[in-house]
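Worksheet: the structure to be examined is printed underneath.
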Amino acid sequence: MSRVKHAGSRILLVEDNETIRNAFSLLLEESGYEILQAATGRLALDSAVADQPHLVLLDLGLPDMSGLDVVRTLAADPRTSNIPVVALTGRALKTDEDACRAAGCVGYLTKPINTHHLLQEIPRYLADIEE
Ligand code: MN
């Protein structure tokens, strides 16, 4: 697989489903990204502060807290407020997307995630912060 623009960028992948998390991690690593993984909201918040990822891909359905609360917490903390968050969710209603964007997400992808589309979208969000 060819390497992409922004190869080496750190992406924090937050997803409680281990099968999905592993599959996306492999896909993104093969594309040249460095992947950090978190299975809960709490671990995601800790990693965002400690590891300063360039992008967070956030499943909104997490076991310990609402994904929207994760987004709000990241947005309210000056240590993480500049990190773009793209939501991954099975909820496809316009009102869900609006709530997500109001909480601070810069992007919104509906499950099942089209991996080709995901790989197309990621550089857009990385470009926003690096250029
Ligand atoms: Mn989930």
Condition set of a type in the set (Gly, Ala, Ser) and under 12 Å from the mean Cα position of the chain (by Cα), scope segment 5-38, selection farthest from the ligand (Cβ to nearest atom): answer is Ser25
So which of Leu119, Leu55, Leu74, Leu60 is buried (at least 20 other Cβ atoms within 10 Å of the Cβ) and closer than 17 Å to Leu27 by Cβ? Leu55
Consider Gly41 carefully, then state whether it is surrounded by fewer than 20 Cβ atoms within 10 Å (Cβ to Cβ), within 16 Å of the ligand (Cβ to nearest atom) and within 14 Å of the chain's Cα centre (by Cα). no
Positions within segment 90-103 being within 22 Å of Arg21 (Cα to Cα) and part of a loop (DSSP other than H, G, I, E, B), in sequence order: Gly90, Arg91, Ala92
Anything in segment 60-79 that is in contact with an Asp or Glu (Cβ under 9 Å, 6 or more places away or on another chain) and under 15 Å from Ala99 (Cβ atoms)? List them, or say none. Leu60, Gly61, Gly67
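Each reported figure results from applying straightforward, stated rules to the coordinates on display, with no laboratory input. What you are looking at is a predicted structure, and each value in this text was computed from that prediction instead of being measured. All Cβ positions, glycine included, derive from the backbone under ideal geometry; neighbour counts span all protein chains shown.
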